[in-house]
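Before any comments, here is the structure.
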Amino acid sequence: MNEINVGIVGLGWVAGAHIEAFKAVENARVTAICSRREHSESDLEQTYGQPLKAYRDFDKMLADPSIDVIDICTPHPFHPDQAVAAAEAGKHLIIEKPIAITWDGAKRIKAAAEAAGVQTCVCFECRYSKHFSLIRSVIDEGLLGDLHFGEVDYFHGIGPWYGQYDWNIKREMGGSSLLTAGCHALDAMLFFMDSSVEEVTSYSTRSTNEVFEPYEYDTTSVTILKFADGSVGKVASVVDCLQPYYFHIHLVGSLGSLLDNKFYSSKLDGMVKEKWSTLETALIDSGDVADHPYLPQFQAFVDSVDAGEPMPLTDLDTSFETHKVVFAADLSAAEGRPVRLSELK
């Protein structure tokens, strides 16, 4: 296997976490960055502990034949143009979520990646966490039976104390509560419920606290999902809360239920229904990107690029469906009506 070289565009907080993760990925390394700001290569090496070629011109970075993968860590609205250009240059893609803040932008990326035949990793990295892997194992072992209800909620107050606040407050940059952050919860819902979404109904609101007043869009939304198999779900995205970060998960099935890292299953003899049993694992309980499971995700992507096949769990097709549900939910909230997924063409 030849070593895969990665070029990162956008040198912010998330990019730093990506660089650190790639230091432990086998057969891949970050070799270049592209930023609107001037960076000396000696300063970059001192900051990140490895040599990095510095570009300010994205087209020049795309023209570098030594770069195999473009890792897009810029603010959300820049993703479509950069991803399309990178795909057309024959580069594989890593794209931070959301891949776009418009449905047309998401479709442009998908069409370009498919036309170029490049592989894509979308950063719904929570699917690679120990917490989500454990939940998926409980489901796959049949301990919950057939799921008929799911509730996955994202509570993360993104105020002035958080790095992306200054640009995140703008509608043209953040998009919506779901797009800017809550899409992690909606993606988790689709990961746990083994059925496609047919229809969504969403409502949105916002806090009256003055620290969230600058937001140009509603900062809380609640989405009800109707699945093809008859099951239902609910996703709350709350980025205007004053509380510790909390990723709430409650799954209910024909044989048992799971709540975060606790469960009850009638399939196991001797369990006491009056008390939850705890599943010890590392919870998804931080909005700090340094705590996100990029390492196993990026390793899976690198291995898939080498094999010439889509990666598991967070490939473009899978992640595109999550985005489609997000855009349907935002349309429902905006128009005050249920939206069928078939309406999005």
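Each reported figure results from applying straightforward, stated rules to the coordinates on display, with no laboratory input. As the structure is a computational prediction, the values presented were derived from the model and not from experiment. With ideal geometry, Cβ positions are generated from the backbone for all residues, glycine too; neighbour counts draw on all protein chains shown.
Listed by Cβ neighbour count within 10 Å, with the fewest neighbours leading, LEU279, LEU11 appear as LEU279, LEU11.
Which trypsin sites (Lys or Arg not before Pro) from segment 146-207 combine a DSSP loop assignment with at most 15 other Cβ atoms within 10 Å?
Values: sites: LYS170, ARG171, ARG206; in loops: LYS170, ARG206.
Answer in residue order: LYS170.
Amide H contacts for ALA32 (H built 1.01 Å from N in the peptide plane; partners 5 or more residues away or on another chain; cut-off under 5 Å): VAL6, ILE8, LYS53.
For every other residue with a beta carbon closer than 15 angstrom to the beta carbon of MET189, add +1 if it is Lys or Arg and -1 if Asp or Glu, then tell me the sum. Spell out each step's value before the answer.
Numbers: positive: LYS97, ARG127, ARG136, LYS226, LYS234, LYS324; negative: GLU151, ASP153, ASP187, ASP194, GLU198, GLU199, ASP229, ASP260, GLU321.
Once positives and negatives cancel, what remains is -3.
Give the peptides 179-192, 259-272, 306-319, 227-240 in descending order of average Cβ contacts within 10 Å, highest first. Each step should come with its number before you reach the end.
Details: 179-192: 24.6, 259-272: 14.5, 306-319: 17.4, 227-240: 20.0.
Listed from highest to lowest mean packing, they are 179-192, 227-240, 306-319, 259-272.
In degrees between 0 and 90, to the nearest 10, how far off the longest principal axis of the chain does helix 316-335 point, with axes built from Cα atoms? Here the helix axis deviates by roughly 70 degrees. Quick one: grab the alpha carbon gyration tensor of segment 197-276, order the square roots of its eigenvalues as a ≥ b ≥ c, and give me rounded if a/c is under 1.5, else prolate or oblate depending on whether a/b is larger than b/c. The shape class here is oblate.
Would you tally the net charge around SER254, using a Cβ to Cβ cut-off of less than 12 Å, leaving SER254 out, and scoring K and R as +1, D and E as -1? Value of the local net charge: 0. With N as its number of residues, segment 233-306 has a Cα radius of gyration that, divided by 2.2 N^0.38 Å, comes to 1.49.
Against the chain, whose longest principal axis comes from its Cα atoms, helix 294-307 is set at around 70 degrees.
Quick one: net charge of THR220's neighbours, Cβ under 9 Å, K/R +1, D/E -1?
On the way: positive: ARG206; negative: ASP218, ASP240.
Neighbourhood net charge equals -1.
Between the helical axis of 183-192 and the dominant principal axis of the chain, each derived from Cα atoms, what acute angle in degrees is found, rounded to the nearest 10? Relative to the chain, helix 183-192 is tipped by roughly 60 degrees.
For segment 111-180, run through the GluC sites (Glu not before Pro) and keep only the ones in DSSP coil with at most 16 other Cβ atoms within 10 Å of their Cβ.
On the way: sites: GLU114, GLU125, GLU141, GLU151, GLU172; in loops: GLU141.
Here the GluC sites (Glu not before Pro) that fit, given the DSSP loop and packing criteria, are GLU141.
The phi-based Karplus calculation (6.51 cos²θ - 1.76 cosθ + 1.60; θ = phi - 60°) puts the 3J(HN,Hα) values of segment 129-137 at 6, 5, 4, 5, 4, 5, 4, 4, 5 Hz, whole numbers, x for Gly and Pro. Alpha carbon centre of segment 54-75 versus segment 209-248: separation in Å? Using only Cα atoms, the two centres lie 34 Å from each other.
Of the beta bridges in the chain, as assigned by DSSP with both residues counted there, near 55 percent are antiparallel.
Pulled fully out, how much extra length does the chain show between LYS23 and LYS324, if you take 0.36 nm times their separation in residues and subtract their Cα-Cα distance?
105.1 nm
Starting from the Cα gyration tensor of the chain, take the square roots of the eigenvalues, sort them a ≥ b ≥ c, and report rounded, prolate or oblate (rounded when a/c is under 1.5, otherwise prolate if a/b is larger than b/c, else oblate). Prolate shape, in that a/c is at least 1.5 and a/b is the bigger ratio.
With R₀ fixed at 56 Å, the C-beta to C-beta distance from SER286 to ALA115 puts the FRET efficiency at about 0.90.
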